[in-house]
Amino acid sequence: MIDNRLVIIPIVILAGLGLILVANIYSAPAPGGTGALQKTAVSLQDTPTIAINQSIALPEPDHSTAKTLDDVLLNRRSGRQYQNSALTLPQVSKILWAGQGITNKTTGKRTAPSAMATYPLTLYLAAHNITGLPQGVYAYQPAGHSLVMYEDGAGMSALLQAEGQNSALTAPATIFIVANYTPFAQFGNDMALQSTSIEAGHVAQNVLLMATELNLGGVPMTGYNATSVENALSLDKNHHAIYTIAFGVSQ
């Protein structure tokens, strides 16, 4: 969540370059999506080196060229094999927004419904081949529409190996949906699993339909060792990896 404090780095104009650097302070998730660390946001304009827990502002989603809902429903298919083509940051930005983006800044309502408006899901992006984004694992933060680097390239490789399916290993990007059971503690784990799994289904369909709108293919997956994935993400006992979605340019 964005910190109320805003730090603006003085604008520096370089002759012939017109380069503007802006840095803001954001709240970044600790392992497993719990706690908060204050880190500096950076622009990806110059593809800088990204540090662990550093926040990266995403480009705003472009809604001006959207296809009709009827069209994307008609053409959505599971794509399990991908071309060796990089995704762009605007594509990834729009897909993450479709999954958990905020649609009402006053109420905090998001693109997918949530039981009791708890929003217990965190989207972790394994960035394997995205132009301008260093390889790594990133946590998506709906507030501020930003990414926080959670693991470096080695951590990304370990996570994809833990997931194990060929689609995740070869896709330019894979989303891991992690559920926080804590808001449902009073109802027990069965209710927590049911509620978060249903919500993950809403999110996954949004992601897949947006991928279709962007002429990409994607596939949701549950056939992996959840414990191995949770260990690779250093999740605590209240957080569970319940769904993954790989996406890219289909072969």
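The values are calculated or read from the model by the stated rules, or taken from the named source; none is laboratory data. Values in this document were obtained by computation on a predicted structure and should not be read as measured data. Cβ atoms come from the backbone with ideal geometry, glycine included; neighbour counts cover every protein chain shown.
Examine segment 52-59 for a residue that is surrounded by 11 or more Cβ atoms within 10 Å (Cβ to Cβ) and either in a helix (DSSP H, G or I) or at pLDDT below 90 (or both), and state whether such a residue exists.
Initially, segment 52-59 is screened for residues surrounded by 11 or more Cβ atoms within 10 Å (Cβ to Cβ), giving 52-59.
Filter once more, keeping what is either in a helix (DSSP H, G or I) or at pLDDT below 90 (or both): none.
No, segment 52-59 contains no residue that is surrounded by 11 or more Cβ atoms within 10 Å (Cβ to Cβ) and either in a helix (DSSP H, G or I) or at pLDDT below 90 (or both).
Answer with yes or no whether ALA232 is within 27 Å of HIS63 (Cβ to Cβ) and of a type outside the set (D, E, K, R). Walk me through it before giving the result.
On the way: within 27 Å of HIS63 (Cβ to Cβ): no; of a type outside the set (D, E, K, R): yes.
Answer is no for this residue.
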Select, from VAL72, VAL92, the only residue that is among the hydrophobic types (A, V, I, L, M, F, W, C), in contact with a helix residue (DSSP H, G or I) (Cβ under 6 Å, 6 or more places away or on another chain) and at pLDDT 50 or above.
VAL72
Scan segment 138-146 and tell me whether some residue there is of a type in the set (A, V, I, L, M), farther than 29 Å from ALA66 by Cβ and in contact (Cβ under 8 Å) with a residue 40 or more places away in the chain.
no
Scan segment 190-233 for residues that are assigned to a helix (DSSP H, G or I), in contact with a helix residue (DSSP H, G or I) (Cβ under 8 Å, 6 or more places away or on another chain) and not hydrophobic (A, V, I, L, M, F, W, C) and jot them down.
SER195, THR196, GLU199, ASN206, THR212, GLU213, SER228, ASN231
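Residue by residue, here is whether (1) at pLDDT 95 or above; (2) surrounded by fewer than 23 Cβ atoms within 10 Å (Cβ to Cβ); (3) assigned to a helix (DSSP H, G or I) holds:
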residue: THR122; (1), (2), (3): yes, no, no
residue: TYR150; (1), (2), (3): yes, no, no
residue: LEU169; (1), (2), (3): yes, yes, yes
residue: ALA179; (1), (2), (3): yes, no, no
residue: ALA185; (1), (2), (3): no, yes, yes
From the list SER234, SER250, which residue is surrounded by fewer than 20 Cβ atoms within 10 Å (Cβ to Cβ) and over 23 Å from TYR150 (Cβ atoms)?
SER250
Please give the number of the condition GLN205 fails out of (1) under 15 Å from the mean Cα position of the chain (by Cα); (2) within 30 Å of LEU73 (Cβ to Cβ); (3) in contact (Cβ under 8 Å) with a residue 40 or more places away in the chain.
(3)
